[in-house]
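First up is the structure itself, then whatever we jot down about it.
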Amino acid sequence: MSDTVPPQPGIMQIALYEAGTSHLAGRTDALKLSSNENPFGPSQKARDAVARAVHQMHRYPPTDHAALRQAIAEVHGLDPDRIICGVGSDEIIHFLCQAYAGPGTEVLFTEHGFLMYRISAMAAGAAPVAVRERERTTDIDALIAGATPATRLIFVANPNNPTGTMVALDELERLARAVPQAILVIDAAYSEYVSGDYDGGAELAARLPNVVMTRTFSKIYGLGGLRVGWAYGPRAIIDVLNRIRGPFNLSGPALDGAEAAVRDRAHVDHSRAENARLRGWLAAALAERGVPSDTSCANFVLARFADAATAEACDAALRDAGIIVRRVAGYGLPHCLRITIGDEASCRRVAHVIGQFMAERARGAAL
């Protein structure tokens, strides 16, 4: 017999999640473009709110998150009673799997989807099912075809990470209606970066009984270190999730910082506009240097190379120059590098280094 109590079946088959690299050995000036963080950081109003909150750290935080839910509801025109807050949207993904998946059930997601979908499904004892994409874009017909009577959850990141591509909301509605026995979870972590009036799927979550939208404060709001996310959906589903949510899952500083951040629309608008400008510039600059990418609707571009060896060599060249980007072989894209959109100086630096790399590669091939 083992000397230790064994974990639940399947737990040890979960591959550990690997976050984007943060440091380079021997360097203190590394440029981190591996985790899709806002280069402008959080708004000053959020910083001030957190600074004030530290004076109350001896107090337990509220368990109902009422003030933050109200702020989110006012900004987005939602019902606060249909909002749940979590430790990033990751925790809410985990809640959904814990509450609705389990042994004998299946959880669907796209082949290049966020790694936490597989991890949370397996942690709940459910079978993770990856469905093919079409040219790195969610294929609704493939998801419908991949669903079975055992399907309980379908995760679709829109825009998707790490591809940056997205599909129309009417296509997502078609998916939800075609698989009524499952909850469609629209992961809208990057929705604030989408141009136009994209609501992340909020209207669908308000209207359909099997749609939930998840959001995060880690991206455009610049609060990745505070770990705050939220979801919107039918009251019945939100009620279920609240029954397994820890009563004090969010700290006082996190709640206050997120509330101030969501109300600071000027900071969001500035971050969105600068991201759109620099995203377009970087994508064009890389294309001119022989590195294409799909049209991205998020705060990163997925740079495509001829093969995995070239992507790895380019990553090494970037690291030698003190630049950290994200290798995405774990997402089934070994020939790609995901590059966060930084400020203007950062984007120009990335384009310069990749341009030099591609030129040297071409010269070597010509010899």
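The values are calculated or read from the model by the stated rules, or taken from the named source; none is laboratory data. Note that the coordinates shown come from a computational prediction; the quantities given were computed from them, not determined experimentally. Note that each Cβ is placed from the backbone with ideal geometry, even for glycine, and that neighbours are counted across all protein chains shown.
Considering only residues in segment 101-129 that are touching a residue at least 40 places away in the same chain (Cβ under 8 Å), aliphatic (A, V, I, L, M) and surrounded by 20 or more Cβ atoms within 10 Å (Cβ to Cβ), the one that is farthest from residue 62 (Cα to Cα) turns out to be 108. Does segment 38-49 contain at least one residue that is in contact with an Asp or Glu (Cβ under 8 Å, 6 or more places away or on another chain), aliphatic (A, V, I, L, M) and either surrounded by 12 or more Cβ atoms within 10 Å (Cβ to Cβ) or modelled with pLDDT of 95 or more (or both)? Yes, segment 38-49 contains at least one residue that is in contact with an Asp or Glu (Cβ under 8 Å, 6 or more places away or on another chain), aliphatic (A, V, I, L, M) and either surrounded by 12 or more Cβ atoms within 10 Å (Cβ to Cβ) or modelled with pLDDT of 95 or more (or both).
Being assigned to a loop (DSSP other than H, G, I, E, B) and either β-branched (Val, Ile, Thr) or in contact (Cβ under 8 Å) with a residue 60 or more places away in the chain (or both) is a condition met by no residue of segment 353-367. Screening the candidates 354, 324 for the property of being in the same structural domain as residue 28 (by TED's automatic domain parsing) and touching a strand residue (DSSP E or B) at 6+ places or on another chain (Cβ under 7 Å) yields one hit, 324. Only a single item in (1) of a type outside the set (Phe, Trp, Tyr); (2) under 26 Å from residue 113 (Cβ atoms); (3) in a helix (DSSP H, G or I) is not met by residue 349, and it is number (2). Residues that are of a type in the set (Gly, Ala, Ser) and touching a Lys or Arg at 6+ places or on another chain (Cβ under 9 Å) were ranked within segment 157-201; the one that is surrounded by the fewest Cβ atoms within 10 Å (Cβ to Cβ) is 195.
Within segment 273-295, the set of residues being part of a helix (DSSP H, G or I) and of a type in the set (S, T, N, Q) comprises just one member, 275. Residues to consider are 220, 154; find the one that is in contact (Cβ under 8 Å) with a residue 40 or more places away in the chain, crowded, with 19+ Cβ neighbours inside 10 Å and assigned to a strand (DSSP E or B). Exactly one residue qualifies, and that residue is 154.
Just to check your reading of the model, which residue among 91, 18 is surrounded by 10 or more Cβ atoms within 10 Å (Cβ to Cβ), under 17 Å from the mean Cα position of the chain (by Cα) and not assigned by TED's automatic domain parsing to the domain that holds residue 163? Steps first, please.
On the way: 91 fails: not assigned by TED's automatic domain parsing to the domain that holds residue 163.
Matching residue, one of 91, 18: 18.
Given the options 273, 329, name the one that is surrounded by fewer than 19 Cβ atoms within 10 Å (Cβ to Cβ) and under 26 Å from residue 115 (Cβ atoms). Walk me through it before giving the result.
Details: 273 fails: under 26 Å from residue 115 (Cβ atoms).
Residue meeting the stated conditions: 329.
Which pairs have Cβ atoms under 9 Å, sit 6 or more apart or on different chains, and link a residue in segment 87-100 that is free of Cβ contacts under 8 Å to residues at least 60 places away in the same chain and in a helix (DSSP H, G or I) to one that is buried (at least 20 other Cβ atoms within 10 Å of the Cβ) and among the hydroxyl-bearing types (Ser, Thr, Tyr)? From segment 87-100, the pairs are 94/120; 97/117; 97/120. In the set 306, 311, 261, only one residue is over 25 Å from residue 220 (Cα atoms), modelled with pLDDT of 95 or more and crowded, with 22+ Cβ neighbours inside 10 Å; that residue is 311.
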